[in-house]
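First up is the structure itself, then whatever we jot down about it.
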Amino acid sequence: MRFDAALALAACLAPAAAVFEDDAHHIDFHYALLGLPKHDATFFQKPFAGSKASLLYTISQNQTIGVVNPKDGALVWRQASSHDGAGPGLLRSGEGQDTVVSAAGDRISAWSASDGRLVWETRVAGATVEDLEILEQEDGITDTEAKDAIVLLGNGKPGVKRLDGKTGRTKWTFEDASGDTPFQVSTSPTTIYYISLHTPMIGASKLRVTSLSPITGKKLDQYTLSSDSDIQSREHILFAGANTAAPLIAWTDVANKVLKINIIGTKGVSTFHAPSGEPVERIILHAPDRVNSLAHFLVEYQTAVGHSADVYHVDLKKSTISKAYSLPALKGKGTFTTSTSDANVYFTRVTAEEVTVVSSVSHGVLGRWPVRGTPALAGAYPVHGTSEVVVKADSATAVRSAILFSNGQWSLIRNGEIAWTRPEFLSRVVSAVWAELPEEEEALAHKLEAEGDRNLVSAYIHRVERHIRDLEHFPAWLQNIPNRVLGNVIGKSEESAIEEIHHDTFGFHKLVIVVTERGRLAALDVGSKGKVVWHIDLNQFSPKTTFHSPSMRAFAGYVEVKDASLEGSIYINSTTGGLISSQDIEVRSNVAAEGQSLISFDLVDGDLEGFLDTKSSPEAIWTFEPPKGERIISYTARPVKDPVASIGKVLGDRRVLYKYLNPNLVLVTTVVESSRTASVYLLDSASGQLLHTSSHRDVDVSRPISSTISENWFSYSFTIDSKSATSSRGYQLVVAEMYESPLPDDRGPLGASPNASTLQPSEGNGDAAKPHVLLQTWHIPEEISHMTVTQTRQGITSRELLVTLPASNSIVGIPRQAIDPRRPIGRDPTAQEQSEGLTKYTPMILFDPKWHLNHKYELIGVKNVITSESGIESTSLVFAYGLDIFGTRVAPSFAFDILGKGFNKVQMLLTVVALFVSVLFVAPLVQRKQINSLWTT
Amino acid sequence: MRYSIFSAACMASGSSAARFMLHMPATQLLNPSTLLSTTHATLQASGAPVDAHLTRSNSFNFNNVSAGSYLATVHCRDYVFEPLRIDVSMEETVEGSGELKEVVRAWQTFVGNEWDNKGESRGEGSNGLVIEVKPLAPKYYYNERSGFAPLSFLKSPMILMALFSMVLIFGMPYLMENMDPETKAEFEEMQKKSPLSSGTNPAQQLQNFDLASWMAGKTETGVSSRGQSPAPQSKKRS
């Protein structure tokens, strides 16, 4: 089969360094994240009726559905929303069902609860789902088969739909043409209540409750509740009870002093007063969501210093609400969770110190567990959670609570012990940089430099003093030796502590500082499986700012954080996460030496303009204006640190093609929507000169066009548009190499001159040298959303093109050899070309599974990949971020300067011992022979 | 061109929406029930691709697909699937009747080939067509480490050379002893004549061996050979 043949060809074409099985999961790490879980959509649930263990289901604030094993916090399955849909993310589950139903944007999907496969999916075009409920009972009878879903639509087409639980087909639709803002649906065993916010032209908003028949969807009744101008928008409504035997709706006044509760279906409003004393900041109502549970609920009052709660009972016959008892006020923050067992309702109070369980019937404490804190949760308090309680003979024997903490850790507290924590605060990283540590080597270099200035004697004394000072590390080093040797031989070397980042031999322990959408800053050690070294909330430094997409720059010892909504910038110490005031930072002299100036460039009004850094007047020294109709979509510059080991490429006949190496290269991508054309322009950023242009027709300009540039080559990829009758379809990857001259052993027009200037080319020899560009295109099976190149210390190691494939959730490292534009076309390579490692050109590159850096991990939502050199030449560090976080290290030319796990140290030792023993045996033999030979001759 | 006819048909009918399903049958290679829930299929033509999740019944459902020619790809962590070309068109059921009906056709397609270069047909029919997708191969992500195997150890040329020289060193004296005196004398005569052991005792030569001067290439033969060799180029080669 042709495809098989191609696959085999691709496999043998580039024997790239793949991941070794014993290295996988050791040199790399992956945080499969969900995001911060939403309170009303996090629950324990059995994946199917009759299952022994329950799983923890949640939908996060970025609409990722995740299912976690409550035992160890491992992800069972997850489905990330590919569309940034409007509206809230909702997740509901019926009792005893084997599906969970989610809604995000205009999609309502049912997922198999145990493995996350799709059961059905329905789209409501032109509307967003505002609320979702499962119809537990119909006419008081529990449906044993698939339970139907009730969907509240808003934004354009307000209405209520009932969807079949098996197929997702609509059973009936109730359309609301009154112009009210839909708020919530609530079901009772006999009726469906549709609650909307009625805002008349004059006067305060009113709550309108419409009761619908579950069978036909016809309107049965409608009434409005006067809220006395308490409710202006939906944020003012505290709670609209879902699925309880007596659904409730509750709201407060603006000062949080008075709580008003209405039992849905009745017109009476009960009024309760919040506890006097400290002003109440927030009121939260916790009620069970099971139909057959007791109609009890808990109201939590949060103040600035503490929290307290009252428990209320609903009398269903009289339709009255009465206060049952109060839970004592506690200092510090805490949260309550509700859990049910048969008809009984239990409330679990979780604080940072203690977990207590009370029954809704009486205030007697059924169980109390002190919480043993962990460093991950130090200083954090519980925000919200969900619990499962086991009660035997009126005492709670076990309780487990999945709690979201204020520092973004989602953890499970089992009987007071922290069973696991998931660092959900790391999801949706928008920017990441490699931290530059204040290097010790530099300090040493300074000391040695200082010696050079002194006279001989004092320099000698200085040197001896330094050596004596260094001796103090000697005992510790000596003590460590047995441990290190033992650890090395057994092969179970314990991961070095974070303090060891400075004493890292191979340079694998590099810190990456990441910042998330919401302004949370964290440092991860890529060398020790992404361990979180520190993490802070930027909001504590500027409480008024709401971070949208902060950006960072790294300097020696600190990072600078900027945001559009932030005035100035925040400086954070890279190793500790502490705030540094801008005065403490020594103003670093620019990288440019005396008499030189830097040119920076930026997009201004759709043109790319270059500026002189030193000049205060922002006058462009060059402008790149794309041709009429073209729009610049992106530009990529050659990395500042891009060492090149060899200035030429040695051909098979020992002649040399000289690389075009210009440090100031910028690749600009432009598109024309109307003619579906994409063009790339290669510019010299010092002079603004155009060096190369190439253009492609029939490009799907709505899809990402990624590009990268390194050394003397650049590459970009795009999607072919089907609108015109193209001869081929799919995705293309273009790779171009630049040489000084098309002829080998020739350095082009500037070959003889020792200096050349791109700014004033005419003063040199003729025109500025334009590169000779070799360009080749390949078909690729998948779309590339982002590409970058590996980096090594000296640039000796061959580079790998790292491409992100969003469709298969992976990152692939394409070896340079496979995408060499000099691969011979239409003929087999000659012997000389073969000696260069060139193979015959094939029009497609299939991504060999062995090229995948992520192997079995599935990286969802990768936005960007950054690379860095490590301490050794062969290896480059890779870090990918987005929704997930992934880090690994790659050795594109194999790990030639470090012993891998394949090196058997025990075997080597045994060999040495065996040799030694054999020498011991042979030595007397040889001696005897020598003596004999002396006697005989 | 067939495709342009399709697009013309699409324009004429205004909106048309076909519905079909990609189904994974159980084969010897693959039990589709074991696939991960992140397995999904995409239909790409223009703009954002249409995405379908894997369902409980091991299939991908595509609803409301407008007329056009699509590249269908199944993305799976563990298996490679063949790409398909799926054409959706509106065609008259009976010639001249004016009644349009959705027709779905599926073929194999090949990456890096012309779009019109279709492979085997994978199905043709109206709405609700079930197209089977087959896995080509499982994906192997890991490199195997070459472990220690005694046989491969013995096969390596270095070890073979060492073994051969061992046999020579230990076997020669016995051979010499077992030779009859005439041949022995002849052999010794030959050895004396040979340039290798000219005059001196080889053992003595070995003992007086000056390693430093040998490494510096002090012998006459070494110098002459160096002079002739294209030294800089050979360095590059390495």
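The values are calculated or read from the model by the stated rules, or taken from the named source; none is laboratory data. All of these numbers come straight from a predicted model, not from anything done at the bench. Positions of Cβ are backbone-derived with ideal geometry, glycine not excepted, and every protein chain shown enters the neighbour counts.
So here's what we get for this one:
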{"quantity": "Total residues in segment A:853-893, condition closer than 21 Å to A:Gln817 by Cβ, in contact with a Ser or Thr (Cβ under 6 Å, 6 or more places away or on another chain) and outside any strand (DSSP E or B)", "calculated": "6"}
{"quantity": "Test result for A:Trp120, crowded, with 23+ Cβ neighbours inside 10 Å and either in a loop (DSSP other than H, G, I, E, B) or of a type outside the set (S, T, N, Q) (or both)", "calculated": "no"}
{"quantity": "Residue in segment A:816-823 that is under 25 Å from B:Asn113 (Cα atoms), assigned to a loop (DSSP other than H, G, I, E, B), within 14 Å of chain B (Cβ to nearest Cβ) and touching a strand residue (DSSP E or B) at 6+ places or on another chain (Cβ under 6 Å) present", "calculated": "no"}
{"quantity": "Segment A:472-504, residues that are under 30 Å from A:Arg553 (Cα atoms) and either in a helix (DSSP H, G or I) or at pLDDT 75 or above (or both)", "calculated": "A:Ile498, A:Glu499, A:Glu500, A:Ile501"}
{"quantity": "Residue identified as crowded, with 18+ Cβ neighbours inside 10 Å and either of a type in the set (A, V, I, L, M, F, W, C) or more than 16 Å from A:Ala522 (Cα to Cα) (or both) among A:Ala398, A:Ala352, A:Ala376", "calculated": "A:Ala352"}
{"quantity": "Scope segment B:100-130; condition out of contact with any Asp or Glu (no Cβ under 7 Å at 6 or more places or on another chain), of a type in the set (Gly, Ala, Ser), more than 25 Å from A:Ser728 (Cβ to Cβ) and surrounded by 13 or more Cβ atoms within 10 Å (Cβ to Cβ); matching residues", "calculated": "B:Gly125"}
{"quantity": "Any hit, segment B:131-153, residues being out of contact with any Asp or Glu (no Cβ under 8 Å at 6 or more places or on another chain), part of a helix (DSSP H, G or I) and more than 13 Å from every other protein chain (Cβ to nearest Cβ)", "calculated": "yes"}
{"quantity": "Failed criterion for A:Gln832 (all others in (1) outside any loop (DSSP other than H, G, I, E, B); (2) more than 14 Å from every other protein chain (Cβ to nearest Cβ); (3) more than 20 Å from A:Thr875 (Cβ to Cβ) hold)", "calculated": "(2)"}
{"quantity": "Restricting segment A:35-80 to residues that are among the aliphatic types (A, V, I, L, M), surrounded by 20 or more Cβ atoms within 10 Å (Cβ to Cβ) and not in a loop (DSSP other than H, G, I, E, B), the residue that is modelled with the lowest pLDDT", "calculated": "A:Ala41"}
{"quantity": "Selection count where residues are facing chain B (nearest Cβ under 8 Å) and under 25 Å from the mean Cα position of the chain (by Cα), scope segment A:112-133", "calculated": "4"}
{"quantity": "One residue from A:Thr719, A:Thr670 being of a type outside the set (A, V, I, L, M), more than 13 Å from chain B (Cβ to nearest Cβ) and either surrounded by 20 or more Cβ atoms within 10 Å (Cβ to Cβ) or assigned to a loop (DSSP other than H, G, I, E, B) (or both)", "calculated": "A:Thr670"}
{"quantity": "Unique match (being within 11 Å of another protein chain (Cβ to nearest Cβ), farther than 25 Å from A:Arg703 by Cβ and either of a type outside the set (A, V, I, L, M) or free of Cβ contacts under 8 Å to residues at least 24 places away in the same chain (or both)) among A:Lys856, A:Lys840", "calculated": "A:Lys856"}
{"quantity": "Wholly within segment A:237-287, strands (runs of 3 or more DSSP E) carrying at least 3 residues that are under 22 Å from A:Phe183 (Cα atoms), touching a strand residue (DSSP E or B) at 6+ places or on another chain (Cβ under 6 Å) and not small (Gly, Ala, Ser)", "calculated": "A:237-240, A:248-252, A:258-263, A:280-286"}
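Here is a yes/no grid of residues against (1) farther than 19 Å from A:Gly332 by Cα; (2) of a type in the set (S, T, N, Q):
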{"residue": "A:Ala380", "(1), (2)": "no, no"}
{"residue": "A:Gly385", "(1), (2)": "no, no"}
{"residue": "A:Thr397", "(1), (2)": "yes, yes"}
{"residue": "A:Ile403", "(1), (2)": "no, no"}
{"residue": "A:Arg414", "(1), (2)": "yes, no"}
